[in-house]
Amino acid sequence: MSSIRVVLGMATSMNLEVEQLDVKTAFLHGDLEEEIYMEKPEGFVEKGKEKFVCKLKKSLYGLKQAPRQWYKKFDSFMMNNGFSKTTSDHCVFVKNFSDGKFIILLRYVDDMLIVGQDSTMINTLKLELSKSFAMKDLGPAKQILGIKIVRDRKEELIWLSQESYIEKVLERFNMNKAKPVGCPLVGHFKLSSNQCPTSEKDKEEMLKVPYASAVGSLMYAMVCTRPDIAHAVGMSMLDGFTDSDMAGDVDSWKSTSGYLMTFAGGAVAWQSKLQKCVALSTTEAEFIAITEACKEELWLKKFLQELGLKQEKYVLYCDSQSAIHLSKNSTFHSRSKHIDVRYHWIRDVLDSKLLQLEKVHTDDNISDMLTKTLSRDKHLKCRTLAGESIPCANYDSWMVYLPEGDFLSRIGPTEFFKVDTQYPLLDLEKYASLDAAREWRKLLDAILPMSAAAMALPPLSIRGDWGVLSTAATRYAPSLLKSFAQMGPQGALSATKLLRPFSEIVDSLELKEPFMQNWIDLLAFLLAGVTSNGMLSAEMVYMFAEWYKPGCSLEYPIHGTGAVVDALVRGLQKIGGRISFKSHVEIIVVENGRAVGVKLRSGQEVIPNRIKMTPQCESFMHLHLGFDAEGISEDLKIHHIVVNDWERGVDTDQNVVLISIPSVLSPDLAPPGKHVLHAYMPGTKPFGLWEGLDRKTAEYKELEAKRSEVLWRAVECAVGPGFDHEKCEVKLVGTPLTHQRFLRRNRGTYGPAIQASKGTFPRHSTPFPQLYCCGDSTFPGIGVPEVAASGAVVANSLVSVSQHLELLDAVGI
Ligand SMILES: Cc1cc2nc3c(=O)[nH]c(=O)nc-3n(C[C@H](O)[C@H](O)[C@H](O)COP(=O)(O)OP(=O)(O)OC[C@H]3O[C@@H](n4cnc5c(N)ncnc54)[C@H](O)[C@@H]3O)c2cc1C
């Protein structure tokens, strides 16, 4: 197929005629060298001559000699007419004329293409051919081997299309009504032998799926027509591109080699193939890919030269500088001595200057698509992520049950002070004290202006290298300075406290009212798992600004938090990302000091204890319930907080319970007429109490019942008189052991517990280049915003500064 594409490429760029001929009954033209006899066909047997047979004078269809004899006959005709056969492809014949013109003939069994500058010369050849063989002149080429040829001579373009073939394949496999997608293989898609059917039932089911036959049909399309390469400029230049995907095959850990050769502005040869051996590093995988690509480019070079086309230099482009170095450096190299000697042949090729190997930016490496599912403009496509929306229900409050009484805590600038007719105890003034209300105002007045400084540096602008000077410091310094100026000297001074514990701000404002102290501690604990003396001021100020700004509201995703996860997964896949679910990482593969990949489920630990552990909070107790909604107040709120005792502190065991009843806002999360409820005590459950207990023992069950009692009491308080413990249809208790097991968090922890001013958070970098940490243990605070921010910092560090700036522009911050 490469020969056809190259010749058609020449025809395009040199404006050559392309004519087509079809040989009728081609195999009957062959002369026979052996004596071959044939039984008489039915109806030809003569009476008395039943035992007679026919001696063949000519070749016949069905004879094993037939194709060979036809080729021989045709070859000798072409040689007698002054053509020579290219050594690169024996089906391509060339004749050069004295005036510099030429004719190329490509033959594929009985299909022929004749290409040349001069129609008269082509017609003469056609005439000669028809004298020796029964030929059908098809005129200008329209179709070869089922591939449609469409030509625009004015624009110097040729398209090859297998549309009707592909339509037939779709019909055959009942896929003609399937929804078309823009990408042949979404990023997360990895085939593995693990996905093969194992049960008899599955195997039986798969027998009905014509998998091999479908793959075969697709391969024909893959081999014949060009991949999605835009016809760029019509230059008659051969260029090669190569790439590899390190350990992309999840079964064998083999890498994939890919190459793509372009000629006359179109792709003429390509391959995506699993390497024969397991590469130990990305450099090695690229090195092997280079060798494979080099063989193809040399073949094309020779073929083109035989067709009379020479170019000044032949370049193979690769995006790995280290692989280029390894290919050019023929001196002994300890890191490459294990690589199969045949791959070192590339060094000879480069030494002999048969080809040149040059670096191309990874974004311009068009062979990328043959090895990876990421596209070249992947970073720009991040923008489409924002296209994912999640329907949410708005709400503005949560119920609080404190030793002083119950009230509805609402967000917004003034609500905390208002009297609510339904909840008379709400008014802070009435409920706590006049001082409490006054101090609350004082606190808001002091910290809300600081929020400009806390928010002036978007986490999206942060990256883990010196590029941060461009993406964060330079870009946002003016707005940061402006917000400091607007705050006045006092405010600006306070803003410098953003990296100190929040309690320092509280102390500096001389807030003494006990309720206020408790309330602030509760908010800090819910946000970060620490009380105000351990809470980073910046984080608290940031959240205050969000909660108490005019017009703010809370959102609960309809269909539950799973909807957020689904949207993230969709968004990531849309931009070519890959997510492997249920993939337990056993080993992070480190080679030559660099992290080069992960291995799942087998083998030993490679990097024990070299990554700094983050100090962590204690664990959880959970209660998951399902119960009838009948008899339960219709005004039930989604979120509830129960504090049993201020004296003991909000961060002590068995004291603070949080309750969510998501079916209040998203009824589809429970069966009709039912509610689902999750009650939990975060970050206060000592793991040590449970460590080593067998979950099946009576001792465990007893402890479980005892320790969950406080959760039941809180639920009764929150759901109200209609709730009956005994009538719950679903009752699941989760202990720190359950939490550890299901969430796979070390000792079932809630998250990190670093006291502001006493410790710094571990950063995302590790001792191993290319290995990054993100998640709630690497960014101040506990929770999804911190996880997102930490992920953004890592992602930012992986792209170039210009791409990062471009993204900030696109997002509009
Ligand atoms: C009950 C509860 C309520 C919460 N409420 C809120 C809230 O309202 N707002 C908020 O912002 N935050 C909340 N949080 C905190 C928030 O859920 C966490 O901070 C956040 O999920 C942490 O995300 P992460 O990606 O860092 O870690 P995790 O969510 O713990 O994710 C780590 C993942 O790694 C996987 N894993 C572990 N080991 C391996 C391995 N060897 N190989 C492969 N995979 C592995 C785990 O299975 C897990 O899926 C709550 C937490 C809990 C438990």
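All of the numbers you see were taken from the coordinates with simple rules; none came from a lab. Since this is a predicted model, take the numbers as computed values, not measurements. Note that each Cβ is placed from the backbone with ideal geometry, even for glycine, and that neighbours are counted across all protein chains shown.
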Could I have the simple spin-label model distance between residue 172 and residue 763, label points 7 Å from Cα toward Cβ, reported in nm to one decimal?
5.8
Could you work out how far apart the two model spin labels at residue 553 and residue 584 are, taking each label as a point 7 Å from the Cα in the direction of the beta carbon, and quote it in nm?
4.5
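Too long at a 20 Å Cα-Cα cut-off: which of 73/95; 685/727; 101/126; 359/574; 637/674; 674/701?
685/727; 359/574; 674/701
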Identify the chymotrypsin sites (Phe, Trp or Tyr not before Pro) of the range 80-123 meeting these criteria: DSSP loop state and at most 13 other C-beta atoms within 10 Å of the C-beta.
97
Of 198, 242, how do they rank once you tally other Cβ atoms within 10 Å and put the fewest first?
198, 242
Past 23 Å, Cα to Cα: identify those pairs from 328/599; 497/549; 310/353; 136/301; 273/582, in the order given.
328/599; 136/301; 273/582
Show me the trypsin sites (Lys or Arg not before Pro) within the range 1-56 that DSSP assigns to loop and that have at most 14 other Cβ atoms within 10 Å of their Cβ.
24, 47, 49, 51
Gain in span if fully extended, residue 36 to residue 321, counting 0.36 nm per residue against the direct Cα distance:
96.5 nm
With x for Gly and Pro, the residue-by-residue ³J(HN,Hα) of the range 697-706, computed from phi through the Karplus equation 6.51 cos²θ - 1.76 cosθ + 1.60 at θ = phi - 60° and given in whole Hz, is 7, 5, 4, 5, 4, 5, 5, 4, 5, 5
For the range 700-784, build the convex hull from the C-alpha positions and give me its volume per residue in Å³.
171
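Against the 2.2 N^0.38 Å scaling, with N counting residues, where does the range 2-162 land? I'd like the Cα-based Rg ratio to two decimal places.
1.27
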5 angstrom amide H check on residue 645, placed H, neighbours 5+ away
none
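By how many nm would the segment from residue 390 to residue 358 grow when fully extended, if each residue of separation counts as 0.36 nm and the alpha-carbon distance is taken off? Before the final figure, lay out the partial values.
Working: separation 32, 0.36 × 32 = 11.52 nm, distance 4.59 nm.
Net length gain for the segment: 6.9 nm.
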In a shell of Cβ-Cβ distance under 13 Å around residue 645, excluding residue 645 itself, what net charge do Lys and Arg (+1) and Asp and Glu (-1) give?
-3
Ranked from fewest to most other Cβ atoms within 10 Å of their own Cβ, 687, 502 fall in the order 687, 502
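Set the Förster distance to 41 Å, then compute FRET efficiency between residue 699 and residue 592 from the Cβ-Cβ distance, nearest 0.05.
Details: r = 50 Å, r/R0 = 1.22.
Efficiency computed from Cβ-Cβ geometry: 0.25.
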How big is the equivalent ellipsoid of the range 1-87 along its three axes, where each semi-axis is √(5λ) from the Cα gyration tensor, reported in whole Å from largest to smallest?
40, 14, 10
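Below 8 Å between Cα atoms, with a sequence gap of 6+, how large is the relative contact order for the range 2-162 in percent? Show your work: numbers first, answer last.
Details: 241 pairs, mean separation 49.1, N = 161.
The normalised contact order for the range 2-162 reaches 31 percent.
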At 0.36 nm per residue, and after removing the present C-alpha to C-alpha distance, how many nm does the segment from residue 709 to residue 408 gain when stretched out fully?
105.9 nm
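Between residue 142 and residue 499, what is the FRET efficiency for a Förster distance of 60 Å, r being their Cβ-Cβ separation, to the nearest 0.05?
So the FRET efficiency works out to roughly 0.25.
Please find the FRET efficiency linking residue 507 to residue 601, where r is the Cβ-Cβ separation and R0 is fixed at 56 Å, and quote it to the nearest 0.05.
Values: r = 52 Å, r/R0 = 0.92.
FRET efficiency, residue 507 to residue 601: 0.60.
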